[in-house]
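Okay, so here's the structure we're looking at.
The values are calculated or read from the model by the stated rules, or taken from the named source; none is laboratory data. Here the structure is a predicted model, which is why all the values come from computation and not from measurement. Glycine also receives a Cβ, built like all others from the backbone with ideal geometry; neighbour counts cover every protein chain displayed. Side chains included, ligands, DNA and RNA excluded: accessible areas come from the protein's heavy atoms. Shrake-Rupley method; radii C 1.70, N 1.55, O 1.52, S 1.80 Å.
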Amino acid sequence: MHMDRLREIYNYREMIYMMVRRDLRGRYKGSVLGFFWTFLNPLLQLGVYTIVFSIILRSDIEKYYLYLFIALIPWLFMANSVQGGATCVLAQKSMVTKIYFPRQVLPITHVTTGFVNMLLCFVVVFLVAGFSVGLNIMALPYLIPTMVIEYILALGLCFIAAAVTVYFRDMEHILGIAVMAWQFLSPIMYPPDIVPERLQPIFNLNPMTPITSAYRSVLYYKRPPDLTTMLAALAMGLVFLVFGWFLFEKMQRHFAEEL
Amino acid sequence: MENNIAISCRNLTKDFKVYFDKGSSLKEKILFRNRRRYEDRIVLDDVSFDVKKGEAIGIIGENGCGKSTLLKLLSRILYPDNGTVEIEGRVSALIELGAGFHPDMSGRENIYTNASIFGLKKEEIDDRLQAIIDFSELGDYIDNPVRTYSSGMYMRLAFAVAINVDADVLLVDEILAVGDAAFQAKCFNRLREIKAAGTTIVIVSHSLGQIEQICERSLWICDGKIRAEGSPREVHPAYLDFMNRRNEHEPAPEPPVEEEEQPKNRWGNGNVRISALRLFTDGGEEVVENVQLGTSLRVEMEYACKRPLKKPQLNISFYRTDGVLCYATGLMVEDELGTAMTGQGTVTMEIGRILLLPAQYSIDVSITGEDGFAYDDWHDARRFVMCCPQVEPGIVRLEHTWECTQAPDAKETNATEGDGEPCRKKNP
C-alpha cells in the first residue's frame, strides 16, 4: 500500500514540479522587481543584521553578521516548512475537496518550494561568505548531505503539521509560538557551546543543532562537519519523516470531509 | 473483478457527521462540548453496482440524495466507511474545472499546471497541448495571462484541459453548463467521441435529456439507496413521476387531479393531456401504417388542459423502434399561441419531406413545465413504418447530388465514348 503510494507520487512528479514553479514564479509576480526579490530579500535582511549587530548589539564573535546569516537562511526554510506547512492542505481546500491527487503532493510541494528558495538564497550566502572569509572548495560538497538531511526533517515535520492542522485548527497558532521557541533553543543566534554542560545532552537532541553546526562548519569555519553528528541528524530526520508519512497517510483519508 | 467490468462498487456505505454547531478550534472543542452535538446522516447505504467497460451511465436523483457523494467516492476524494470501490485504469474526474489556475500566468502555462494536477506527465501534456488549445478556441489569447480572460474563455480553457485527459474512466459532474450553446454542443460531441473511443463514463446531472442522449443506463439514487436502475427511457419517467408527486404533496399543494387509470407508457401529473396524435400524408389522408420516404408528413396533436400551465413546452421525439433517437425537437407553445395554454387545442407539425430510412419508428410526445417536470409524457404514442423502394443503410437520407469529373486521358478516353465532360446524376 505504501509502495503504491510512493509510486503514485512519483507519477505525479509533474504536478509537484508545476506547483513549485507556479509558487516560486507567482510569489513576486506583479511586483516591479519580480523574481529579483528572491535575492534582494536575504540581502536586505543581512543589511539589517549587520547594522544591528555591529553598531548596537556588538557581539564577541568575529564577523557575527556572517555567523548569524549562515544559520539563519537554513532556519528560515525550516521555520517556513513547519509553520507555513501547517496550512498547506487547508489553503488548497477547493482542490482537496474536488479533485483526486495524492495528498502528499501538497506538503512535498510546500517544502520543495521553500527548499528551492533556500538554494537561491545560498547564491547570496556564497557571495557574502566568499568576500568575507573565503570559501573552502574541499568543504563545500558537505553542504549537499547537510541540505538533504534538513529537507528530510522539514518534510517529516511538514507532514505532521499539515495533517494535524486539518483536524485541529489551533495547531497553526500553537506552532507559531513553538517555532519561535525552537528558534531560541537552536544555536542560531549563539554558539552551541554557551549552553550549560548538564543541558548539553538534551540540547543535542534538537535536530536543528547538528544541522546548524554543519552549515556553519562548512561556510564559517571552512572545514568539513563532524560526521557522527551528521548521522545523528540524519537518523532524527528519518524518524520524523517515517512517522510523518504514516500519520499523514492515515489522516488524509478524511481530509475532504473535514475541510 | 471480471474482465469486462470497469467499475465495481460493493456495499458502499458512507455517513457524515452533521454538526449542529461545528467548531474545530481548541476553545470550541473544550468549552462547547455539549454544543458539539451531531447526528450521523447516512448518505449512501449499501450501494452496489457494476459498470461495464465502455458503458456510459447516468446518476440521477434529487438534491442531497447522495449522488455527488457517490461520484466523490468513485474519484477517491472521499473514502467509504464500508464497502469497496474498484476501478480499472486511469480515472479522470470533471468535477472541478480550472484547478490550480494562476491568474498571472499565461493560458499555456496554466494548461501545464492544470493538466499535471490530473496526473499527466510532461510528455503527455506536450502531446495534447495543441488539441487543448484548438478545443478551447482561444487562439492567440493562449499566451495572455488568464486574469485577462472573460469568464467564458476561462471556462473554455478549463474544460478543454479536462476533456483532453484521455482517461479510461471519466467521471462528470454537472459541467456541461459551460460557455455558450455552441461550446456546450461541442463539449457534448467531444463526450460522445470519448465514449466512442471506449471510455467508461459516469455522469451526474440534473439534465435528464443529456443523460438520455449519451447513457445506456441510469441509476436513480433516492435517500442513499438505488431506487431504480435500467435504461434511461424506463427510469426517467418513473423518476419524474416521483418528483412530481413529491412536489405536489409538499409546500403549496395544487388541488389534486383525479387519478385516471394510466397506461404503462404514460406519465405526468395530468394537468394537460395529449388526447390524440394523428399522422397525415401529402393528400391529407390519415396514415394507417406506412409512410413513403420523401413525402410530406403532418403530425397533429390535440390537447386538453385541466388548468392553466406555466410556460409549457411541447416535445416530440422520433425513435427507431430499436431505441435509436433519430430526431427530437420542442416548441414553446405559449410563444406560438401568443397566449397562455388553456382549454383545448391542436398543435400541428409539418414535416416538408420525411427522409427517415425504411424501418419502424415510434413517436414520443410530452408537455413539460419550465422546470422540466412532465405534465404529460406519452411514450410510444404512435408507430409508423417508413417505406422506400431503394435500400440504403443508415438512419436518415441526406439529400444530395453527385458530380464526377475526370481529366481527359489520351488513349483511354478515345477508346471509350467518354469525352472528359463532367457527368451528372441527380439522386431521384
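Results, tabulated for the structure shown:
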item	result
Calculated [θ] (222 nm, deg cm²/dmol) that DSSP helices of n ≥ 4 give over chain A, each run adding -39,500 (n - 2.57)	-22500 deg cm²/dmol
Cα-based Rg and Dmax for the protein assembly as shown, where Dmax is the largest Cα-Cα distance (Å)	34.7, 116
Charge dipole (debye, nearest 20) of the range B:124-212; +1 at Cβ of Lys and Arg, -1 at Cβ of Asp and Glu	240
Mean Cα-pair separation over length for the range B:266-387, i.e. relative contact order, pairs under 8 Å, 6 or more apart, %	35
Rg/Rg_globular for the range A:40-258, with Rg_globular taken as 2.2 N^0.38 Å and Rg from C-alpha atoms	1.07
Helical segments meeting 24 Å axial Cα length and Kyte-Doolittle 1.0 threshold in chain A (DSSP H)	A:64-83, A:105-132, A:143-167, A:227-251
Accessible carbon and sulfur surface of the range A:40-258 relative to its total accessible area, %, 1.4 Å	72
Carbon and sulfur %, accessible surface of the range B:266-387 computed with the full protein complex present, 1.4 Å	45
Share of pairwise Cα separations in the range B:266-387, more than 18 Å, in percent	50
1.4 Å probe, heavy atoms, protein only - residues of the range A:73-95 losing at least 40 Å² accessible area vs chain alone	none
Furthest towards positive pole of dipole, A:Leu120, A:Cys158, A:Phe240, structure part the range A:116-259, Cβ charges	A:Leu120
Inter-chain Cβ neighbour average for residues A:97-109, partner chain, 10 Å	4
Percentage of interatomic Cα-Cα distances in the range A:90-134 larger than 12 Å	70
Cα-centre dipole for the protein assembly as shown with unit charges at Cβ (Lys and Arg positive, Asp and Glu negative), debye to 20	3260
Accessible area (Å², per residue) of the range B:266-387, counting only protein heavy atoms and a probe of 1.4 Å	45
Per residue accessible area of the range A:40-258, 1.4 Å probe, in Å²	44
Where B meets A: accessible area buried, both sides, 1.4 Å probe, Å²	2900
Net dipole in debye of chain A [+1 Lys, Arg Cβ; -1 Asp, Glu Cβ; about Cα centre; nearest 20]	600
Shielded by partner chains, the range B:111-137 residues - at least 20 Å² of accessible area, 1.4 Å probe, vs chain alone	B:Tyr112, B:Thr113, B:Ser116, B:Ile117, B:Phe118, B:Gly119, B:Lys121, B:Lys122
Within 10 Å of each Cβ in B:78-88, the average number of Cβ atoms from other chains	1
Cβ-based charge dipole, the protein assembly as shown, positive-most Cα from A:Asn11, B:Ala56, A:Cys88	A:Cys88
Flagged links, alpha-carbon separation over 21 Å, of A:Lys250/B:Lys17; B:Lys14/B:Lys67; A:Lys29/B:Lys122; A:Lys93/B:Lys17; B:Lys14/B:Lys195	A:Lys29/B:Lys122; B:Lys14/B:Lys195
